[in-house]
Amino acid sequence: MPKRTKVRTTKKGEVAREKLLDAGERLFSRQEFDLVSIDDITKEAGVAHGLLFHYFKSKLQLYAEIALRQAERLEAIHREPRREATPDEKLTACLARHMRDIRTRPASYKFHTRGGASSEVKQIWEDSRQRFIQLILTEYYQIPDPGPHLFIAARAWLGLFDELVLAWLYDPKITQEGVLALTVELFNDMLSRVDMLYAPGEIGSALDQLQAT
């Protein structure tokens, strides 16, 4: 994950930096990246225009810091203790909370999902996805060693979920319940068909793990 910007600040300076991050997150959450100006951010934060460049190299660097903050918050949601009885119930509850978080920042979600962000921001979210997949497979579905084929299949499944969530954000005819039901059903379909990715002779150990769950 990218390193946070290192700037020596006074306590007052730290407050100004946090104000810029908070203001940027509010604006980028509801407006497209290109429609948010430096003036918009500093005005929203209530700080001098030049302070943004004092703490961040650019608007994009500020956005990367915000993306890192959002990814950390989403991962905390993913790792909340699950009390549901079955793996499918755990996955459904987690994805529901995931969607509620995204509902608070539709514009920024659309921006990075559609590939409009920098390579730094893309890497932040890709790292987050990788950890989420690992959590689902190893902790929810108790597959201790998923292997590359299963991991790739789960990554593709998560990409489909991203697309469904994006549609849900902007199309009132698509319901959260429908997205959750379809996503969990497709996850189980993926588990049952992942053997299609394996070459002959590779299937045994992977299927043994899946059948044991």
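Any read-out appearing in this document is the output of simple, stated calculations on the displayed coordinates, not a laboratory observation. Keep in mind that this is a model prediction, so the values were computed, not measured. Cβ coordinates were reconstructed from backbone atoms using ideal geometry, including for glycine residues, and neighbour counts include every protein chain displayed.
Just want the ordering: Phe187, Phe33, from fewest to most Cβ atoms lying within 10 Å of their own Cβ. Numbers along the way, then the final one.
Working: Phe187 25, Phe33 18.
Ranking Phe187, Phe33 by Cβ neighbours within 10 Å, fewest first, gives Phe33, Phe187.
For a test of the definition: using alpha carbon positions, the gyration tensor, and the 1.5 limit on a/c, classify the chain as rounded, prolate or oblate. Provide the component values of the computation, followed by the final result.
Details: a/c = 2.49, a/b = 2.06, b/c = 1.21.
Prolate is the answer for the chain, as a/c is 1.5 or above and a/b outweighs b/c.
Explain nothing, just the number: relative contact order of the chain, from Cα pairs under 8 Å at least 6 residues apart, as a whole percent. Don't skip to the end; give the middle numbers.
Values: 171 pairs, mean separation 42.6, N = 213.
After rounding, I find 20 percent.
Stretched out fully, how many nm does the piece from Leu182 to Leu160 gain, at 0.36 nm a residue minus the Cα gap?
On the way: separation 22, 0.36 × 22 = 7.92 nm, distance 1.04 nm.
Length difference between fully extended and current span is 6.9 nm.
Any chance you could give the angle, 0 to 90 degrees and rounded to 10, that helix 176-193 forms with the longest Cα principal axis of the chain?
50
Counting other Cβ atoms within 10 Å, keep those with at most 14, restrict to DSSP loop, and tell me which GluC sites (Glu not before Pro) in the range 30-82 are left.
Glu32
Could you put Val165, Val15 in order, starting from the residue whose Cβ has the fewest other Cβ atoms within 10 Å? Mind showing how you got there, number by number?
Details: Val165 22, Val15 12.
Ranking Val165, Val15 by Cβ neighbours within 10 Å, fewest first, gives Val15, Val165.
Where does the charge balance sit around Leu186 when Lys and Arg score +1, Asp and Glu -1, over other residues with C-beta under 14 Å from its C-beta? Please list the in-between numbers first.
Working: positive: Arg155, Arg193; negative: Asp88, Asp162, Glu163, Glu185, Asp189.
Net of charged neighbours comes to -3.
Scan the chain and report its longest stretch carrying no trypsin sites (Lys or Arg not before Pro) that are both in a DSSP loop and have at most 11 other Cβ atoms within 10 Å.
Numbers: sites that count: Lys3, Arg4, Lys6, Arg8, Lys57, Arg83, Arg114, Lys173.
Of all site-free stretches, the longest is 115-172.
Per residue of the range 79-95, what does 6.51 cos²θ - 1.76 cosθ + 1.60 with θ = phi - 60° give for ³J(HN,Hα)? Whole Hz please, x for Gly and Pro, Karplus curve as stated.
Result, rounded to whole Hz: 9, 4, x, 9, 9, 5, 7, 10, x, 5, 5, 4, 5, 4, 5, 5, 5.
Can you compute the helix-only [θ] at 222 nm over the chain? Use -39500 (n - 2.57) per DSSP H run of at least 4 residues, normalise by all residues, nearest 500 deg cm²/dmol.
Details: 10 runs with 147 residues, N = 213.
Theoretical 222 nm ellipticity from helices: -22500 deg cm²/dmol.
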